[in-house]
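One structure is given here, and the rest of the page talks about it.
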Ligand SMILES: CC(C)(COP(=O)(O)OP(=O)(O)OC[C@H]1O[C@@H](n2cnc3c(N)ncnc32)[C@H](O)[C@@H]1OP(=O)(O)O)[C@@H](O)C(=O)NCCC(=O)NCCS
């Protein structure tokens with residue numbers, strides 16, 4: 001997931017601009033979803049992770065649901081994310097949650113979920 005990533009620059013950008021949804025189970029952080037809402041066209045999920053021992057317990061689903069509500073309140077109609085081509089399990093999760101592939105990079109796929117209230121856009 002972090003191949004060729006400049007962690008220091010990534011962390012600074014997160015600290016400066018990202019919003020976070022944190023899911024706790026019995027006081028312990030079980031999942032984190034970081035997103036940007038500074039683009040007029042879509043909400044961009046820049047990081048999401050559920051701790052291994054909490055995976056497949058709907059943590060991501062709950063964080064996504066929260067994000068969708070928040071995004072809809074602010075008038076956004078799409079959620080976008082990037083996933084490594086080799087990360088097949090995350091892709092399966094996103095497809096299952098109604099994301100579809102909209103663009104391909106060299107090593108990654110861009111996926112979007114339509115959350116608008118009035119039918120899917122063209
Ligand atoms: C991808 C990830 C965030 C999913 O989190 P999670 O909390 O386990 O997901 P959920 O339990 O909410 O599952 C969401 C749906 O996907 C399904 N699902 C979960 N893991 C799956 C898998 N490996 N393969 C296929 N489907 C899967 C679940 O059954 C669930 O379906 P439902 O809504 O019908 O119940 C988690 O696996 C993770 O942190 N992976 C490592 C980090 C990573 O790859 N992050 C993404 C980088 S782009």
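Numerical summary
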| quantity | calculated |
| --- | --- |
| Proxy reagent accessibility, fewest Cβ within 10 Å first, across 94, 36 | 36, 94 |
| Length added when fully stretched, residue 96-residue 47, from 0.36 nm per residue minus Cα-Cα | 15.8 nm |
| Tensor-based shape of segment 55-122 (alpha-carbon gyration tensor, a/c under 1.5 rounded, otherwise prolate or oblate) | oblate |
| Computed [θ] at 222 nm, helices only, for the chain once each DSSP H run of length n ≥ 4 contributes -39500 (n - 2.57) | -9000 deg cm²/dmol |
| Contour minus Cα-Cα distance for residue 10 and residue 36 (0.36 nm per residue) | 8.1 nm |
| Neighbour-count order for 97, 52, fewest beta carbons within 10 angstrom listed first | 52, 97 |
| Choice from 105, 75, 27 with maximal GNM fluctuation in the chain (Cα, 10 Å cutoff) | 27 |
| Distance cut-off 21 Å, percentage of C-alpha pairs in segment 7-114 lying past it | 36 percent |
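The numbers here are math on the coordinates, done by the rules we state, and not lab data. Note that this is a predicted model, so its numbers are computed, not measured. Please note: Cβ atoms are built from the backbone with ideal geometry, for glycine as well, and neighbour counts cover all protein chains shown.
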